[in-house]
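All remarks here apply to the structure that follows.
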Amino acid sequence: MSSLDSSMNSMATALVTEFYARLHPDTTDARRLRMARGLTVVLGTIGTGSALLLAAFEVQSLWDTFLALVGLFGGSLAGIFALGIFTRRATAPGALTGAVVSAVTLFLVQRFTDVHFMLYAPVGILTCVAAGYLASLLLPDPPQPRAGRTHTHHQPPHTAPKVATRAPGG
């Protein structure tokens, strides 16, 4: 039981700290604590509902179900990573399009082909990179980030101001 409540509390804390506190910086600690407690209840309800759903559909192996779901999106995540690392033309809308196309393609591959599950990752990665790159070429570029916000914008190194010194004997 302690593992479950630790997980729910950790997720609630992360959500409040990373999202709620940044969107509402003027809130008090007491308000954030109430929000975290409410999120813990919501997350517990979602977990309980998910367990009841799995029991109602008589899922034989939770691990196989988990791997099937991860298989749909794992290739997309690796494809987005590869797209960002190996291409300079990738855009956010293109990467998102690639991820969606990859997930849909993997769903179709899982349901309608006899491809071994070990090939889902390469299919997902290649589909995401190809569709993401093509979409990046076709979709308009988003506004450019401000200088210094990404690794592609180089700023000159900071130099200390020069101090005037007197010549010896002067």
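Rule-based calculations on the coordinates, nothing more; no lab input. Predicted, not measured: the structure shown is a model, and the values here were computed from it. Glycine gets a Cβ as well: all are built from the backbone with ideal geometry, and neighbour counts include every protein chain shown.
Taking every pair of distinct Cα atoms and averaging 1/r, then inverting, what Kirkwood hydrodynamic radius in Å comes out for the range 35-125? Each step should come with its number before you reach the end.
Details: mean 1/r = 0.0654 Å⁻¹.
Taking the inverse mean of 1/r over all distinct Cα pairs, the range 35-125 comes out at 15.3 Å.
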So if we plug the beta-carbon distance of residue 85 and residue 57 into 1/(1 + (r/R0)^6) with R0 = 41 Å, what FRET efficiency do we get, rounded to 0.05? 0.60
What Kirkwood hydrodynamic radius do you get for the range 1-155 when you take the inverse of the mean 1/r over all pairs of distinct Cα atoms, in Å? 18.8
Treating each Cα of the range 1-75 as an identical point scatterer and ignoring solvent, apply the Debye formula and state log10 I(q)/I(0) at q = 0.13, 0.19, 0.20, 0.22 Å⁻¹. -0.55, -0.89, -0.93, -1.00
